[in-house]
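Just below is one structure, and these are the notes that go with it.
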Amino acid sequence: MPYVAGAVVLFAIILIIKAIKIVPQGNAVTVERFGRFTRALMPGLTVIVPFIDRIGARINVMENVLEVPEQDVITKDNAMVGVDGVVFFQVMEPASAAYEVNDLHRAITNLAMTNIRTVMGSMALDELLSQRDRINQTILAVVDEATSAWGVKVTRVEIKNIEPPRDLVDAMARQMKAERDKRATILDAEGDKQSAILRAEGHKQSAILEAEGRRESAYREAEARERSAQAEGKATRDVSDAIASGDLQAINYFVAQKYVDALKALADAPNQKVLFVPLESAGMIGALGSVTEIVREAFGGGGSGKRAPASSASTASRSAPRTRTTTQPRVIAPKQERDPEPMDVYSWPPPSPWDP
């Protein structure tokens, strides 16, 4: 009896162990009864019928990542590139993942590789390198649709590396450099163009302002000449009026002033030379006397406008030598053989008021 009771207790313990199953979190377990799937056990403590039910497949229901090995892909423009990637998937139906496909990971890997070749083989190399997002979305849609019958949800497909051949990479680098050189040349040309335009605009504005300045200067100069001519005309009219009224000293003053200005221009010449010109000393003194007479009349000195009698100044002028010498220029007047004869008001040089 003790042996029978111990055997019964041991059998009961074995039955309990066989009946109680603990499923870890993130996993699912299928239950088979006489080899046929009956149900799936979710995480936690569950009980099965010992010796009738048994545990079938243990499935990881967490999101898994699967490496897609590198493979060679020929693009649309006949460029061979090496491509690899990763696939993220999650088992949504443990029974389908366990009984609808044999070796789920290998099946997903091969499915992803074939679709990568299909999608990327229909694109040119430039599109492969610049449109990875579109490639990922296209492959994801195809793989997810194919694996839905296996109770698997493919969440992401990512292309990791796209490696063109070395010579193709060098050619692309040269092409990129040529394109950048082209852009730099175009920018330099645009800069030269803008600079030339700005310089031309500056020259144009400068020429316009210079022309306006010359016009304004010519206008001012013409106005100054007009004013000078008006002043000269007024002086001439005043002299003419004085002559008409019988005052001959005015014309003597007018002519003497021109005479003195001409001698001053000769004396101020910068070159060193000797000039021989006819010079009437008596006429010169007479012109100066006329100026004195006019000043005396202007300030009420008693001038009468007529010729003064001969004086000792006239005698001194006749006795003075007929040669005048200057340093620069030297002006030497020829010696007079006789006294100058009286001249009318329009003769040159004008007569002296001290001449007899």
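Only the coordinates and a few stated rules stand behind these numbers; no lab work does. Source: prediction; values computed, not measured. Cβ coordinates were reconstructed from backbone atoms using ideal geometry, including for glycine residues, and neighbour counts include every protein chain displayed.
What is the calculated FRET efficiency for ASN110 to ASP77, with r their C-beta to C-beta distance and R₀ = 35 Å, to the nearest 0.05? Once rounded, the FRET efficiency stands at 0.85.
Quick one: which of LYS234/LYS264; LYS76/LYS177; LYS18/LYS153; LYS160/LYS182 span more than 28 angstrom between C-alpha atoms?
LYS18/LYS153; LYS160/LYS182
Phi angles of region 34-47 translate, via the Karplus equation with coefficients 6.51, -1.76, 1.60 and θ = phi - 60°, into HN-Hα couplings of 6, x, 10, 5, 10, 6, 10, 8, 8, x, x, 8, 9, 10 Hz per residue; Gly and Pro are given as x.
Does region 165-242 come out rounded, prolate or oblate by the C-alpha gyration tensor, with a ≥ b ≥ c the root eigenvalues, rounded set by a/c under 1.5 and, if not, prolate when a/b is larger than b/c and oblate if not? Mind dumping the intermediate values first?
On the way: a/c = 20.44, a/b = 15.38, b/c = 1.33.
Here region 165-242 falls in the prolate category.
Shape class for region 63-164, computed from the alpha carbon gyration tensor (a ≥ b ≥ c): prolate, with a/c not under 1.5 and a/b above b/c.
Once the chain from ARG183 to LYS160 is taken as fully extended at 0.36 nm per residue, the excess over their C-alpha distance is 5.1 nm. In terms of its alpha-carbon gyration tensor, region 121-226 comes out prolate; a/c meets the 1.5 threshold, and the first ratio a/b outweighs b/c. Between amide H atoms placed 1.01 Å from N, distances below 5 Å from GLY85 occur with VAL68, LYS160, all of them 5 or more places distant or on a separate chain.
Full extension of the chain segment joining LYS204 with ALA265 gains 17.6 nm, where the gain is 0.36 nm per residue of separation less the Cα-Cα distance. Here the 3J(HN,Hα) profile of region 130-136, calculated from phi with Karplus coefficients 6.51, -1.76 and 1.60 at θ = phi - 60°, is 10, 10, 5, 4, 5, 4, 4 Hz, Gly and Pro shown as x.
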